[in-house]
Amino acid sequence: MSDDLHQTGSLVVDTNSTQDSLSQVTRKYFETHYGSPAEFLVRAPGRVNIIGEHTDYNGGFVFPAAINYYTYVAVSKRHDSIVNVVARDWSGEVDHIDLTKPMHFDEARMWPNYIRGVVEQLQKRNYPLQGCDLVVSGNVPQGAGLSSSAALEVGIAKALTHASGITLTPLELAQIGQDAENQFVNCACGIMDQLISTSGVEGHAVMIDCRNFETQSVPLPPSYEIIIINSSVQRGLVDSEYNQRRAQCETAAAHYGVDLLRQVSVEQLHVQRGDLDDVSFKRAKHVVEENARVLEMVECLRSSEHGKLFQLMHDSHESMRSLFEITVPAIDFLVELVAKTLDGEGGVRMTGGGFGGCVVALVPVNKVAQVKAAVEANYFNETGLKEVIYTARASAGVVVLSTGFSADGVG
Ligand code: GLA
């Protein structure tokens with residue numbers, strides 16, 4: 001498989017990465033920096049969520065796909081307890097981690113914290129880690145809501161454990177990434193992003209039951225393309241708003257006398273509403289109904305009833321707009337624009353945590369050009385923002401690639 005980026009719009013394309021596959025670029029960069037070839041390469045994907053938003057931390061259902069935009073980690077073992085990291089995408093900045101010392105938060109730079117957080121979690125679990133030289137590089141768009149940070153956490157966790165002869169399950173790896181983010185980076189995210197980055201399946205979206213972490217992969221119909229449109233809206237308040245939504249869901253769960261909103265049925269939601277305040281009720285209604293939509297979406301895809309996809313994705317977006325209140329006008333405009341072009345086929349909605357970021361659309365192959373043209377002709381005029389459009393493929397979860405041969409074809 002090649003690391004091809006299919007994109008239109010105004011993103012600055014890294015010509016090195018497009019001429020040469022990103023895996024080769026990462027390998028060469030490693031060799032130039034450290035003076036000898038990397039022993040192996042890890043590839044961890046970003047993700048797009050097809051449906052099921054803000055349900056993961058409520059113990060509910062999500063339906064993401066890993067995508068063919070990746071973080072690569074090139075690795076060679078050292079014979080001491082030092083982990084050196086070079087971040088190719090941050091102008092070759094470096095971080096030196098001493099495994100014998102406690103991890104400290106880097107106030108000046110954010111990227112090392114994802115790595116230090118993962119190291120701390122591995123050590124908390126008493127895994128004996130080997131020192132390593134690393135190069136990190138990737139093409140998951142950053143700050144776009146496509147989980148570049150989860151891909152980095154998972155890539156680092158896989159790189160360090162593989163180098164140290166430790167084998168972890170996809171769930172264990174994902175939990176290490178999530179705990180790093182919750183406890184070190186201080187973002188109260190759920191498990192979805194890390195778990196799909198470890199458990200993605202080529203050509204499939206994966207339904208995750210976030211209460212027992214069971215996964216079911218569901219083939220995505222080849223007659224649709226996954227189109228992701230980055231609104232280019234800066235996601236400024238996302239962390240505080242995200243944590244606030246979590247707190248509101250917890251308030252609602254406590255009102256219904258359950259640990260997680262997943263345990264509340266649609267009927268109970270209304271019958272036992274009592275004196276629950278309006279905001280908490282709206283948040284709970286979104287979560288309870290969104291869970292039901294995930295199950296219905298999976299059913300529709302399994303039975304090839306594609307006629308219902310449009311309505312389900314529409315209802316999900318409308319619920320994020322009016323009940324969970326996490327969309328912004330530019331995103332709503334984009335969704336409406338694409339929905340109009342789709343005219344009842346496929347489906348479109350905001351994807352990810354909210355307050356900007358991306359829209360995901362399942363677009364019938366014969367309408368892809370039309371959708372892109374509609375966005376390119378109208379979005380900038382309406383919002384003054386330049387979108388970036390990506391065509392994604394559902395991809396495999398994290399893998400270790402031998403550096404002795406090309407990454408292409410290994411999945
Ligand atoms: C972010 C979080 C996920 C999930 C989504 C919303 O991506 O990292 O855990 O909560 O938002 O569905």
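The values are calculated or read from the model by the stated rules, or taken from the named source; none is laboratory data. The structure displayed is predicted, hence computed values, not measured ones. Methodologically, a virtual Cβ is constructed for each residue, glycine included, from the backbone with ideal geometry; neighbour enumeration extends over all protein chains shown.
In region 23-68, the qualifying residues are those that are outside any strand (DSSP E or B), polar (S, T, N, Q) and away from the ligand (no atom under 16 Å from the Cβ), and the one that is surrounded by the most Cβ atoms within 10 Å (Cβ to Cβ) is Thr26. Looking at region 13-30, can you tell me whether even one residue there is under 30 Å from Met313 (Cβ atoms) and modelled with pLDDT under 95? The answer is yes, given that some residue of region 13-30 is under 30 Å from Met313 (Cβ atoms) and modelled with pLDDT under 95. When residues in region 115-151 are screened for being without any contact (Cβ under 8 Å) to a residue 60 or more places away in the chain and either more than 30 Å from Met350 (Cβ to Cβ) or in a loop (DSSP other than H, G, I, E, B) (or both), 13 of them pass.
Contact map, region 182-194: first residue over 14 Å from Phe105 (Cβ atoms) and of a type in the set (D, E, K, R), second residue within 10 Å of the ligand (Cβ to nearest atom) and outside any loop (DSSP other than H, G, I, E, B), Cβ cut-off under 7 Å, separation 6 or more or different chains; pairs are Asp193/Arg47; Asp193/Ala150.
The set of residues in region 335-354 being buried (at least 22 other Cβ atoms within 10 Å of the Cβ) and either aromatic (Phe, Trp, Tyr) or farther than 20 Å from Arg47 by Cα (or both) consists of Val338, Leu342. Lys308 meets each of the listed conditions (1) farther than 23 Å from Thr391 by Cα; (2) part of a helix (DSSP H, G or I); (3) not polar (S, T, N, Q) apart from (1).
Going by the conditions given, is Gln244 of a type outside the set (A, V, I, L, M), over 18 Å from the mean Cα position of the chain (by Cα) and within 30 Å of Thr383 (Cβ to Cβ)? Criteria met by Gln244.
Total residues in region 302-348 satisfying the condition of being under 20 Å from Tyr57 (Cα atoms) and within 20 Å of the chain's Cα centre (by Cα): the figure is 6.
Screening Gln216 against (1) within 15 Å of the ligand (Cβ to nearest atom); (2) within 11 Å of Val62 (Cα to Cα) leaves a single unmet condition, (1). Is it true that Gly165 is surrounded by 18 or more Cβ atoms within 10 Å (Cβ to Cβ) and among the small types (Gly, Ala, Ser)? The answer is no for Gly165. Is it the case that some residue within region 329-336 is in contact with a His (Cβ under 7 Å, 6 or more places away or on another chain) and either within 27 Å of Leu220 (Cα to Cα) or assigned to a helix (DSSP H, G or I) (or both)? Yes. Of the residues in region 278-294, at least one is under 22 Å from Ser223 (Cβ atoms) and either modelled with pLDDT of 95 or more or aromatic (Phe, Trp, Tyr) (or both). Only one of the numbered conditions (1) farther than 14 Å from Arg47 by Cβ; (2) in a helix (DSSP H, G or I); (3) of a type in the set (A, V, I, L, M, F, W, C) is not met by Val154, and that is (1).
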